[in-house]
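*Asks:* Starting off with a structure, shown below.
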Amino acid sequence: MNTTDTNNPEYYHKVVDCQYACPAHTPVPEYIRLIAAKRYTEAYMINWESNVFPGVLGRTCDRPCEPACRRGRVEEEPVAICRLKRVAADNKGDVKSQMPQGPFKPNGKKIALIGGGPASLTVARDLAPLGYEIHLFDEQIKGGGMMRTQIPAFRLPETVLNEEVNYILDLGIHTHFKTYVSSLKEVLDKEYDAVFVGTGAPKGRDLSKLPGRKEGDANIHIGIEWLASVAFEHTKSVGKKVIVLGGGNTAMDCCRTSKRLGGEEVKVVVRSPYKDMKASPWEKEDAQHEDIPILDNHTPKSFEVKDGKLIGMTFEKVEAHYDENGKRKLIPTGEPDVFIEADDVLIAIGQLNSFPWIERDLGMEFDEWGMPKVDKVTFQSTISNVFFGGDAAFGPENVITAVAHGHQAAVSIDLFCNNKKLTERPSPFTNLTSQKMGIHEWAYDSEVPTDARYIVPQADKEKTLSNIKQEVELGFDQNTGFAEAQRCLNCDVQTVFTENKCIECDACMDVCPTSCITFTENEEQEDKLREKLLVPALNLQQDLLVSDTLKTGKVMVKDEDVCLHCGLCAERCPTSAWDMQKYLYKVTKAGCGNH
Amino acid sequence: MTYIKPEFRHPNLPVNEVGFTKKEYEGRISTLCAGCGHDSISAAIVQACYEMSIEPHRVAKLSGIGCSSKTPTYFLSNSHGFNSVHGRMPSVATGANLANRDLIYFGVSGDGDTASIGMGQFVHAIRRNLNMVYIVMNNGCYGLTKGQDSATADKGSMSKKGAPNPFAPIDLVSLALELEASFVAQSFSGDKGQLIPLIKAAMHHPGFSFINVMSPCVTFNNNKGSTKSYDFVRDHASSTSVLDFIPKKEEIKVDYEEGIQVKVAMHDGSYLSLHKLARDWNPLDWVSANEALIKARDRGEILTGLLYINPKSNPLHDTLKSSDKPLNTLKEKDLCPGSKKLEEINSSLR
Ligand SMILES: Cc1cc2nc3c(=O)[nH]c(=O)nc-3n(C[C@H](O)[C@H](O)[C@H](O)COP(=O)(O)OP(=O)(O)OC[C@H]3O[C@@H](n4cnc5c(N)ncnc54)[C@H](O)[C@@H]3O)c2cc1C
Ligand SMILES: Cc1ncc(C[n+]2csc(CCOP(=O)(O)OP(=O)(O)O)c2C)c(N)n1
Ligand code: SF4
Ligand code: SF4
Ligand code: SF4
Ligand SMILES: [Mg+2]
């Protein structure tokens, strides 16, 4: 195999599994260490810079980082990365003074943001300090998008959301709330230098063809519309018996909300088997903790209406069959249909994009599914000054993805307004610093405690179910936050190898607790080399660090897979051929490094 | 600040026949200097015992004094151990072995511990053919007391401060051969491929198995001009053969080429398979082993690998016709067979 090029900024970045998996590439271990050191404000600011909504995300993030976390490969459970973020947000001091301070010198460019969700707000935050005049339009009365209209208050208190939305609006954003944009043409005519579309995926799927749908309409609701109406307190109650259709996170929010609005027998009914449900495992757990049964393998057949009023639904029982490609088919079992009583039904079976306000004769290209053609890197549409991001760009995702899109769209808009090539993206900021302080002393806590993942405490069920605004999760206290933070393996502290210092004494190979290091003859084929390591490197997602040829003709091969970043290799190396070096990787934001 | 070895191991660590991973054969984290050859030998012992599926409680580790003699702390934490006084490991090993012949005895010593203060003990353990593995971690100096030349330092070998050693060395391998040790081998800490099978073979050999391992002292004797440095040993090692230890359960698959491949049957049905690299040398022939060693020395080479083996050796217990059971398992009836037996013994002596 070829010698690994560690000068490629992506090599060490990939070793930091959590950061690499995070759409916004938040420097996770860096802020986790700050939390352990009780430096909450700094931990918050690292998050804020990267993901814009630390308090929101510390409660609601989809956490793609956690399944990626190395700790989950070393033992059972990953680090509770997401909830640690909340510890920073809950305990921070004054952060506002550390944010960019306006008024900013205008640069003469005007940008329109359509939609006030996390994608647009991120664009606003990145561009306002550069002097752009930003106009944000949203049909709602306040900013935040679905973070406000969809995520229920018992998961995300309004105060937390308001605080973080306001940090952005306070940068001098011109807001136009209660303003539905009904024509892109009109916006384009107003001579903005660029337009960003962050309108989300605002349409909930319906079951319009199911018998009884029309007749029972008064008690059949589209999940996301219903949640928005609850958020704005237009809906304050629900029937005693509620069926929630769907197996995703929206269904989980619908059923838990129903439970708080008077629903006594709330049931989630889903077509797929339980294990295939789209909802995150923790969302399912939380629903079940609130005594909400989930009935799987039930396909809706009809709404049952009696005397003009909905009385329930009939379901057909199915079974999942998978073909050799893993493709699923739901096949009826032949058992008798199941009738379930209901006063109200909430349909939470997915969201759709919808752009009725974009005229189709403006030159914007759409694909066969009615989605605009958007560049995956630049977020530019086929109208050169119109950019997309968030759920509006490629369909419904989550907040952190919307933020990541926002950052990149802001970079593009800034390049565009400066007549630069959008494809020449600024490279990330990287930095490697040695952590050595003494023979057995490092600037980070290199011990690896065996503590199992800590559980986030929750408020009493009686309390949470009787008050929709009572937040369920209480968050880690400082001490538990510290203990959980210590579980982090510091994957950003890289094992950096210097060939010409190595005397091939094998000390590092002998001491490594997880058998990462092997000195061996090189192989042409990567799979051959992977096979012959001390413990074969079977996780192909994880790279091998292959050195140049050493004096004896062998090479040093390190499998990054389960390295504990314990530093023992470097401690046992007589010549400091290994060093532990902290790798900082920051995605470059708009305006940094490109002017 | 660490110096604690994390508890986690590779999740895919294989398990041996007795259900253990390598972790169960490890010791405490080493406190020797980083890069010390001795640590590699410890790792080779761990690997050999793991691969042989030895139950750790069946091993007794014995040592004297020195960095080398500290190493039993760094391997086989689940085994028995006795860290004795300087140069006295063979006596303790003899006593332990006579008391309980069922254990595997692992003696670890240094060149100072063996070739200076312990020389008198060493030679008698060989002479008696005590059933044990005797490893010398040979760095040509007294590592623990800051690197003075030892009796195995070569004449002219340069100390770290630049002073050449004025005395001729004691070559422990020649000495062991001269005393007709029944298993004589030499290796290098940096060559686990050779060392691990040698350790396995030594553990199977029913008699005194001597392995002299060149084991550089990174701190005091790894300088230019030293003949015990990593670079010097690597440049001058010459291997007699490529060795494989084949446990009795495994079929031998290779075809043996007359003269080049040698198959040595061991008492318990296992085999040593040697692919000879050195010519005119036969590990079963004492004279040719001596010759090979002398010629290599003349060429300035360090001959490594298995040098000599006498598979039919007579270990001490056989010579003494001593109890075939460990003493601690003998019952009062065995120890005090009664007046009738006493009569018999007495009359036999009249
Ligand atoms: C029930 C539910 C729960 C969720 N829970 C989570 C969660 O826990 N964690 C998570 O990460 N994600 C969650 N999501 C997904 C997340 O809310 C979205 O992915 C995210 O908000 C998308 O951000 P965005 O900026 O693209 O658009 P949105 O947040 O959807 O914001 C779009 C905004 O644009 C406005 N708008 C649309 N069209 C127009 C127009 N023509 N004129 C003016 N304004 C317009 C809308 O009113 C809205 O305010 C959830 C989604 C739902 C439905
Ligand atoms: C009776 C006695 N004499 C002297 C010493 C001092 N001493 C400790 S270790 C040592 C030499 C050890 O050399 P070696 O056996 O080669 O071990 P190394 O440290 O080189 O591995 C000496 C002389 C002692 N501990 N006890
Ligand atoms: S152990 Fe820490 S640094 Fe490593 S992946 Fe998990 S959270 Fe990230
Ligand atoms: S830091 Fe070094 S010793 Fe520790 S697990 Fe990683 S490679 Fe092994
Ligand atoms: S411990 Fe250092 S010198 Fe020894 S083999 Fe490892 S990298 Fe090379
Ligand atoms: Mg010594």
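*Asks:* Confirm whether A:Arg70 is closer than 29 Å to B:His10 by Cα, touching an Asp or Glu at 6+ places or on another chain (Cβ under 8 Å), among the charged types (D, E, K, R) and away from ligand 1 (no atom under 16 Å from the Cβ).
*Replies:* Details: closer than 29 Å to B:His10 by Cα: yes; touching an Asp or Glu at 6+ places or on another chain (Cβ under 8 Å): yes; among the charged types (D, E, K, R): yes; away from ligand 1 (no atom under 16 Å from the Cβ): yes.
In short, yes.
*Asks:* Then there's this: Residues to consider are A:Leu584, A:Leu545, A:Leu540; find the one that is under 27 Å from the mean Cα position of the chain (by Cα) and assigned to a strand (DSSP E or B). Even if it seems obvious, please write down each step before you answer.
*Replies:* Values: A:Leu545 fails: under 27 Å from the mean Cα position of the chain (by Cα); A:Leu540 fails: assigned to a strand (DSSP E or B).
Checking each option against the conditions leaves just A:Leu584.
*Asks:* As an exercise: evaluate A:Gly475 against (1) in a loop (DSSP other than H, G, I, E, B); (2) within 14 Å of chain B (Cβ to nearest Cβ) and give the number of the one condition it does not meet.
*Replies:* Only one criterion in (1) in a loop (DSSP other than H, G, I, E, B); (2) within 14 Å of chain B (Cβ to nearest Cβ) is unmet by A:Gly475, namely (2).
*Asks:* Looking at B:Ser150, B:Ser159, B:Ser209, can you tell me which residue is closer than 30 Å to A:Phe519 by Cα, at pLDDT 95 or above and either of a type outside the set (A, V, I, L, M, F, W, C) or touching a helix residue (DSSP H, G or I) at 6+ places or on another chain (Cβ under 6 Å) (or both)?
*Replies:* On the way: B:Ser150 fails: closer than 30 Å to A:Phe519 by Cα; B:Ser159 fails: at pLDDT 95 or above.
The unique qualifying residue is B:Ser209.
*Asks:* Could you pull out the residue among A:Thr552, A:Thr575 that is away from ligand 4 (no atom under 16 Å from the Cβ), of a type in the set (S, T, N, Q) and either buried (at least 23 other Cβ atoms within 10 Å of the Cβ) or within 14 Å of another protein chain (Cβ to nearest Cβ) (or both)? First the steps, then the outcome.
*Replies:* On the way: A:Thr575 fails: away from ligand 4 (no atom under 16 Å from the Cβ).
After ruling out the rest, the residue left standing is A:Thr552.
*Asks:* Could you run through the range B:120-158 and say how many residues are more than 14 Å from ligand 6 (Cβ to nearest atom) and among the aliphatic types (A, V, I, L, M)?
*Replies:* Total satisfying the criteria: 7.
*Asks:* OK, next. Find the residue count for the range A:3-24, including only residues that are assigned to a loop (DSSP other than H, G, I, E, B) and in contact with a Pro (Cβ under 8 Å, 6 or more places away or on another chain).
*Replies:* At the first step, the residues of the range A:3-24 found to be assigned to a loop (DSSP other than H, G, I, E, B) are A:3-8, A:16, A:22-24.
Narrowing the set further to residues that are in contact with a Pro (Cβ under 8 Å, 6 or more places away or on another chain) leaves A:16, A:22-23.
Of the residues in that region, 3 qualify.
*Asks:* Report whether or not B:Asn138 is over 16 Å from B:Gly66 (Cα atoms) and surrounded by 22 or more Cβ atoms within 10 Å (Cβ to Cβ). So that I can check it myself, show each step before the final result.
*Replies:* Numbers: over 16 Å from B:Gly66 (Cα atoms): no; surrounded by 22 or more Cβ atoms within 10 Å (Cβ to Cβ): yes.
Against the criterion (over 16 Å from B:Gly66 (Cα atoms) and surrounded by 22 or more Cβ atoms within 10 Å (Cβ to Cβ)), B:Asn138 does not qualify.
*Asks:* If you check A:Ala410, A:Ala459, A:Ala443, which single one turns out to be surrounded by fewer than 16 Cβ atoms within 10 Å (Cβ to Cβ), touching a residue at least 40 places away in the same chain (Cβ under 8 Å) and within 26 Å of A:Cys82 (Cα to Cα)?
*Replies:* Working: A:Ala410 fails: surrounded by fewer than 16 Cβ atoms within 10 Å (Cβ to Cβ); A:Ala459 fails: touching a residue at least 40 places away in the same chain (Cβ under 8 Å).
Testing whether each residue is surrounded by fewer than 16 Cβ atoms within 10 Å (Cβ to Cβ), touching a residue at least 40 places away in the same chain (Cβ under 8 Å) and within 26 Å of A:Cys82 (Cα to Cα) leaves just A:Ala443.
*Asks:* Can you give me the ranges of the helices (runs of 4 or more DSSP H) entirely in the range B:260-350 with at least 2 residues that are farther than 27 Å from B:Lys248 by Cα?
*Replies:* Details: elements: B:286-298, B:316-320, B:332-335, B:339-349.
Output list reads B:286-298, B:332-335, B:339-349.
For (1) modelled with pLDDT of 95 or more; (2) assigned to a helix (DSSP H, G or I); (3) touching a helix residue (DSSP H, G or I) at 6+ places or on another chain (Cβ under 6 Å), each residue gets a yes or a no:
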{"residue": "A:Asn162", "(1), (2), (3)": "yes, yes, no"}
{"residue": "A:Lys178", "(1), (2), (3)": "yes, no, no"}
{"residue": "A:Tyr192", "(1), (2), (3)": "yes, no, no"}
{"residue": "A:Ala201", "(1), (2), (3)": "no, no, yes"}
{"residue": "A:Leu210", "(1), (2), (3)": "yes, no, no"}
{"residue": "A:Ala228", "(1), (2), (3)": "yes, yes, yes"}
{"residue": "A:Lys236", "(1), (2), (3)": "yes, no, no"}
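To keep it simple, each residue is scored yes or no on (1) away from every other protein chain (no Cβ under 14 Å); (2) touching a residue at least 24 places away in the same chain (Cβ under 8 Å); (3) under 20 Å from B:Met203 (Cβ atoms).
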| position | (1), (2), (3) |
| --- | --- |
| B:Phe8 | no, no, no |
| B:Pro11 | no, no, no |
| B:Tyr25 | no, yes, yes |
| B:Gly37 | no, yes, no |
| B:Glu51 | no, yes, yes |
| B:Glu55 | yes, yes, yes |
| B:Arg58 | yes, yes, yes |
| B:His80 | yes, no, yes |
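*Asks:* Filtering the range A:47-64 down to residues that are buried (at least 21 other Cβ atoms within 10 Å of the Cβ) and more than 24 Å from A:Phe154 (Cβ to Cβ), which residue is nearest to ligand 5 (Cβ to nearest atom)?
*Replies:* Restricting attention to the range A:47-64, the residues satisfying the condition of being buried (at least 21 other Cβ atoms within 10 Å of the Cβ) are A:47-48, A:50-61, A:63.
This time we only want the ones that are more than 24 Å from A:Phe154 (Cβ to Cβ), so: A:48, A:50.
Details: A:Trp48: 39, A:Ser50: 34 Å.
So the residue we want is A:Ser50.
*Asks:* From A:Lys178, A:Lys185, A:Lys203, A:Lys209, grab the single residue that is free of Cβ contacts under 8 Å to residues at least 12 places away in the same chain and either charged (D, E, K, R) or in contact with a Pro (Cβ under 9 Å, 6 or more places away or on another chain) (or both). Let's see the steps before the verdict.
*Replies:* Working: A:Lys178 fails: free of Cβ contacts under 8 Å to residues at least 12 places away in the same chain; A:Lys185 fails: free of Cβ contacts under 8 Å to residues at least 12 places away in the same chain; A:Lys203 fails: free of Cβ contacts under 8 Å to residues at least 12 places away in the same chain.
Step by step, each of A:Lys178, A:Lys185, A:Lys203, A:Lys209 is checked, and only A:Lys209 is free of Cβ contacts under 8 Å to residues at least 12 places away in the same chain and either charged (D, E, K, R) or in contact with a Pro (Cβ under 9 Å, 6 or more places away or on another chain) (or both).
*Asks:* Only one of (1) modelled with pLDDT of 85 or more; (2) surrounded by fewer than 16 Cβ atoms within 10 Å (Cβ to Cβ) fails for B:Ile260. Which number is that?
*Replies:* (1)
*Asks:* Next question. Among the residues of the range B:202-223, which ones are surrounded by fewer than 21 Cβ atoms within 10 Å (Cβ to Cβ), touching a strand residue (DSSP E or B) at 6+ places or on another chain (Cβ under 7 Å) and within 14 Å of another protein chain (Cβ to nearest Cβ)? Walk me through it before giving the result.
*Replies:* Just the residues of the range B:202-223 that are surrounded by fewer than 21 Cβ atoms within 10 Å (Cβ to Cβ), to begin with: B:203, B:206, B:219, B:223.
Now narrow it down to the ones that are touching a strand residue (DSSP E or B) at 6+ places or on another chain (Cβ under 7 Å): B:203, B:223.
Scanning the range B:202-223 gives a single hit, B:Asn223.
*Asks:* Let me ask another. Cβ-Cβ distance below 6 Å, separation of 6 or more or different chains: which pairs start in the range A:488-511 with a residue that is within 30 Å of A:Pro67 (Cα to Cα) and charged (D, E, K, R) and end on one that is away from ligand 6 (no atom under 16 Å from the Cβ) and in a loop (DSSP other than H, G, I, E, B)?
*Replies:* Taking only residues 6 or more apart or on different chains, the pairs are A:Asp492/A:Val16.
*Asks:* Has the range A:494-515 got at least one residue that is among the charged types (D, E, K, R) and over 29 Å from B:Asp39 (Cβ atoms)?
*Replies:* Narrowing the range A:494-515 to residues among the charged types (D, E, K, R): A:499, A:501, A:504, A:506, A:510.
Those still in the list that are over 29 Å from B:Asp39 (Cβ atoms) too: none.
No, there is no match, as no residue in the range A:494-515 is among the charged types (D, E, K, R) and over 29 Å from B:Asp39 (Cβ atoms).
*Asks:* Moving on to the next point. Determine, yes or no, whether A:Ala36 is touching a Phe, Trp or Tyr at 6+ places or on another chain (Cβ under 8 Å) and surrounded by fewer than 24 Cβ atoms within 10 Å (Cβ to Cβ). Steps first, please.
*Replies:* Working: touching a Phe, Trp or Tyr at 6+ places or on another chain (Cβ under 8 Å): yes; surrounded by fewer than 24 Cβ atoms within 10 Å (Cβ to Cβ): yes.
When the stated conditions are applied, A:Ala36 passes them.
*Asks:* With respect to A:Ala43, determine if the residue is touching a helix residue (DSSP H, G or I) at 6+ places or on another chain (Cβ under 7 Å), assigned by TED's automatic domain parsing to the domain that holds A:Gln470, on the phi < 0 side of the Ramachandran plot and in a loop (DSSP other than H, G, I, E, B).
*Replies:* Values: touching a helix residue (DSSP H, G or I) at 6+ places or on another chain (Cβ under 7 Å): yes; assigned by TED's automatic domain parsing to the domain that holds A:Gln470: yes; on the phi < 0 side of the Ramachandran plot: yes; in a loop (DSSP other than H, G, I, E, B): no.
No.
*Asks:* Another question, if that's okay. Which residues, counting only those in the range B:23-66, are more than 16 Å from ligand 4 (Cβ to nearest atom) and part of a strand (DSSP E or B)?
*Replies:* B:Val59, B:Ala60, B:Lys61, B:Leu62, B:Ser63
Yes or no, residue by residue, for (1) of a type in the set (D, E, K, R); (2) more than 16 Å from ligand 3 (Cβ to nearest atom); (3) under 24 Å from B:Pro169 (Cα atoms); (4) surrounded by 18 or more Cβ atoms within 10 Å (Cβ to Cβ):
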| site | (1), (2), (3), (4) |
| --- | --- |
| B:Ser68 | no, yes, yes, yes |
| B:His80 | no, yes, no, yes |
| B:His86 | no, yes, yes, no |
| B:Pro90 | no, yes, yes, yes |
| B:Phe106 | no, yes, no, yes |
| B:Arg127 | yes, yes, yes, no |
| B:Thr145 | no, yes, yes, no |
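*Asks:* Determine whether B:Ile126 is under 11 Å from B:Leu62 (Cβ atoms) and either within 16 Å of ligand 4 (Cβ to nearest atom) or under 16 Å from the mean Cα position of the chain (by Cα) (or both).
*Replies:* Working: under 11 Å from B:Leu62 (Cβ atoms): no; either within 16 Å of ligand 4 (Cβ to nearest atom) or under 16 Å from the mean Cα position of the chain (by Cα) (or both): yes.
No.
*Asks:* Could you list all residues from the range B:224-235 that are within 14 Å of chain A (Cβ to nearest Cβ) and touching a residue at least 40 places away in the same chain (Cβ under 8 Å)? Don't jump to the end; show me each part of the working.
*Replies:* In the first step, residues of the range B:224-235 are kept if they are within 14 Å of chain A (Cβ to nearest Cβ); the result is B:224, B:226, B:228-235.
Matches in the range B:224-235: B:Lys224, B:Ser226, B:Lys228, B:Tyr230, B:Val233, B:Arg234.
*Asks:* Return yes or no: is A:Leu544 in contact (Cβ under 8 Å) with a residue 60 or more places away in the chain and more than 10 Å from ligand 5 (Cβ to nearest atom)?
*Replies:* On the way: in contact (Cβ under 8 Å) with a residue 60 or more places away in the chain: yes; more than 10 Å from ligand 5 (Cβ to nearest atom): yes.
When the stated conditions are applied, A:Leu544 passes them.
*Asks:* In the same structural domain as A:Ala251 (by TED's automatic domain parsing) and either surrounded by 14 or more Cβ atoms within 10 Å (Cβ to Cβ) or closer than 17 Å to A:Ile222 by Cα (or both): does that describe A:Lys301? Walk me through it before giving the result.
*Replies:* On the way: in the same structural domain as A:Ala251 (by TED's automatic domain parsing): yes; either surrounded by 14 or more Cβ atoms within 10 Å (Cβ to Cβ) or closer than 17 Å to A:Ile222 by Cα (or both): yes.
Answer is yes for this residue.
The values are calculated or read from the model by the stated rules, or taken from the named source; none is laboratory data. What you see is a predicted model, and the numbers here were worked out from it, not measured in a lab. We place every Cβ from the backbone using ideal geometry, glycine too, and count neighbours over all the protein chains shown.
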